Each structure stands twice: as C-alpha cells, then as structure tokens.
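Everything below concerns the one structure shown next.
Quick note: the coordinates plus some simple rules give every number you see, no bench work behind them. These figures come from a predicted structure and were not determined experimentally. Neighbour counts are summed over all protein chains in view; Cβ atoms, including those assigned to glycine, are modelled from backbone coordinates with ideal geometry.
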Amino acid sequence: MTRHFSILLAATLLCAGWGLGRVAQAQSEVEPGQNSQARTAEMQRRGIKVYALRVKNVPPSIIAWWLDSAHQPEPALFRRADTPMTGVETGNTALPTGVERIVAIDPQNAILVFATEAGIKSIRETVEFLDQPLRQVEIEAQFVQISAEDARQLGIESPTPAPQAGLQINFLRANYAAILKKLAAQNKVKITPFPRVLAINNAQASLSNSDEMRLLVTPTLNNDDSVTLSMSTASAPKMTMQSDKPTALPLRKGIESIVNVRDGDTIVLSGSVSDIFPRLPRDLTSPPQGMILVTPRIVRRSEDARPAAPKP
C-alpha cells in the first residue's frame, strides 16, 4: 500500500470515529502481503477506493458474508454443528461490477467496501435493503422422562407417524403445564429444562444444559404465522483416554424431525431416552421413555403486529 493511500484510509476512518486499533486492522486488510503496493497502485488505476458503510440492524459480519462470502469466514451464528440439520443458505451473491471486496468490522457496526464510485452506489442500496431488523423466535424447551401411562394424562394417545423409527410426534393441550407440575410433585416425572434462547429466523440455535443433552433448532417463519422447526438432538463429544492421551469421542446423533407448529403451541417429540440422547447416563429410578417439549414464540415488532379482526 502506498503511504499516501494508507494515510488517507486512516484519516477517513478516524474522522468517522474509529479507534486507532480498528484503523490498524482496516489497514492490514488492505495490504495483505508483500505485493500490497502493486495491488494498491492497481486499485488506484482502476478507480477503487475504500468506503466505510455503517449498519444498524444486522451484524456487519453477516452482511459481508451474504455479499462477499469468498473473502469472509462463515459467521459463528450460521455455523452448523456436526448434525444432519440444515440451516440458512451460504452466501453466494456475486458482487456488483465495480466492487472489489467487502470487509466486516463488527465492533464499529460497519463494513469496508473496496469499490469504484459506481460500485459503491450499487452496493450501498443493497446494504440498505439487507440491513433490516432480523425476525426472531423465542425457543422454550424441556426434556421430560415419563411413563407411557402418565403421558396419557397429557393427551398423548395416538402419535403422529414420524419418518424415524421409534419417534412419535404430538401436540400438547393448553393445560399440560399444570398436569406436569402435578406429576412432578408426585415424583412421577423428571423434568430437565433447557435455557431459553432467541433464534434468528432460518438460523440454527443450540440449546444445551450438559454435554450429554444438546438440542438444535432451526425455526423458519411462515406467512400464516406458523413456525417450521427443524430439530435434532445429540450428545456432545466426551473425552476418553486412548494410549494415555485424552481423545474426544465422536458426536452421537439422536433423533431428528421437521414439524410445523403454530406460534405459541407446544410440539412433543417422544421416544426412548437412549434414542433421544445416546450418551445420557441411565437413571434406573427414572422412566425409560423421554419427551422433548418445544414451544416457539414469535418475537413481534410493531410492524409485525397481527392485522385487526374485521368489525362485524
């Protein structure tokens, strides 16, 4: 990078309120190697400049990956675990003519765009289109060990056929929480709640309360106010000693399913405990059957409010 161009970049970013550390990082992005001066000269010859665009709603690393995945690592939010789940599409959008590359600077809520004047105009419009509030779904889940007889009190009588052998799918009645509380008071069930999480639409969320119990959920919001849930369970790798060296055991996959559920309703995936969480230590005092209860609740913004019912 020429000294003039480097100083110009630093001055531009400092004027925008960036700290010296972030300016240094941005400069290092522009001079990646021994031939940086030649590359910078070529950029200047083609009219390529460095522009800083602020974003408000979507993390810069996500926008940069959407637009220029060739130069970005996949954001941690979209990195899928070693399970058969599918999440969002990878970023494969071709950059507009006149745009060289895009660099995310998350701490400053900004992206650096290496582009011509025509290119920055085009990409600015695209960024404004993409930088919309991300829709979110709150995921509440719990794992319940229960006998088949007590499960009938929850209304689980005729399971919906599922593609995976041994897996049953049901919807719970509205009063299931009171019934579970009563059964728990009688020591007839063992309830293990997962921490609630906010999942971004079409992005995988991981719920875990131990290495042996891991639930992966990808919600997809539908136009009819329902939520499609892609779910799978797994037991995380455990360490074992092999040849006097600690070695991680491979991830053990459990059950998986894709279901459609109304906002606020509760779906139940049930089967044997060993099928759901393969590495969960067997508790002989608990029922061998298990159920995962999952309730999605759409997080609504003012613009997402349901339309008012028509007046009679």
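Computed about the Cα centre, the dipole magnitude for region 170-235 is approximately 440 debye when only Lys and Arg (+1) and Asp and Glu (-1) carry charge, each at its Cβ. In this simple spin-label model, placing a label point 7 Å from the Cα along the Cα-to-Cβ direction at both residue 69 and residue 174 gives a separation of 4.4 nm.
Normalised radius of gyration (Cα atoms, divided by 2.2 N^0.38 Å) for region 108-208: 1.82.
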